[in-house]
Amino acid sequence: MTIELGNRLAELRKKHGLSQEELADQLGVSRQAVSKWERGEASPDTDNLIELARIYGISLDELLGLKKEEEEKPENDNINVHISSNEGDIHVSGKAHIKDEDGNEVHIDSDGIHIVDEDGSEVHVTNKGVQIKDEDGEHHYAKVSVLHDKRHRINAIVSLLTTFGVVIAYILLGSLAGLWGQAWTLFLLIPLVPTLAEAIILKNANIFAYPIFLAFIYLTLCVWILPSFGLTMWHPLWVMFLTIPIYYGVCNFIKPKTVVVAGNNQD
């Protein structure tokens, strides 16, 4: 018998919490016989091999090392995780727990992503931020709010400039051209322009307030421009609002924001 098989028999015995004496009693052999098997000095006969496989709950092939033991699988055998990012937020649907042979673990659930290294260091990524525990046990924190802060600064600056610009333009058009009754449509630019700036800078067309844009165009045409030509076209210009679901459907199609992780989960 090879020393590899002897080592395997010793590992299986220890794994099941048996001493050489206890195993010998179950097999009806001496402790010295079990010791010789594990040192590779002798081989158990066929009957003893079959009995060993029965005691350990494995097949004879697995006992002899011809087939790897089937690892215990968790209830969720398949990983099916969806991770999406929405302007700084982390959204996870599904669960996964992966552990490699070195003891490194990655756990994904609705709270976020959690990584535990074999040296004891940890990284936790959630909506509240990033928490890092190094191998010395010290904790470090970082906020995941870069996009939120960026959006806030963009919105504040552009909103302020747009508000001043619209108010000044309205006063000038009203006082100089007498367009007090028409130029009010300019106030729709105050919520509209910041979303346009954000959409361009963050490269996300979903941010753009497309319905407000349509309302601005519709009212400007019907209240301001067309009446100057003697035209009234409240109908059929309203049909432009039917493009709203088309716009957002196209935006969601061309800019996927979900990462899918799929495969077999092995613990």
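Here, each number is a calculation from the coordinates, and none is a lab measurement. Computed from a predicted model, the values in this text were never measured in an experiment. Positions of Cβ are backbone-derived with ideal geometry, glycine not excepted, and every protein chain shown enters the neighbour counts.
For the range 3-63, what does the alpha-carbon gyration tensor say about shape, rounded, prolate or oblate, given a ≥ b ≥ c as the root eigenvalues, a/c under 1.5 as rounded, and a/b over b/c as prolate? Before the final figure, lay out the partial values.
On the way: a/c = 1.21, a/b = 1.09, b/c = 1.11.
It comes out rounded by the Cα gyration axes.
Taking the mean number of other Cβ atoms within 10 Å as a proxy for protection, how do you rank 14-23, 179-188 from highest to lowest?
Working: 14-23: 13.3, 179-188: 16.4.
Most protected by this proxy first, the peptides run 179-188, 14-23.
Determine, for each peptide in 246-252, 215-221, the mean count of other beta carbons within 10 angstrom over its residues, then list the peptides with the highest first.
Working: 246-252: 13.0, 215-221: 16.6.
Ranking, from highest mean packing down: 215-221, 246-252.
In what order do VAL125, VAL116 fall by count of nearby beta-carbon atoms within 10 Å, going from fewest to most?
VAL116, VAL125
Could you sort 32-39, 238-245 so that the peptide with the highest average Cβ count within 10 Å comes first and the rest follow in order? Don't skip to the end; give the middle numbers.
On the way: 32-39: 18.5, 238-245: 11.1.
So the order, starting with the most tightly packed, is 32-39, 238-245.
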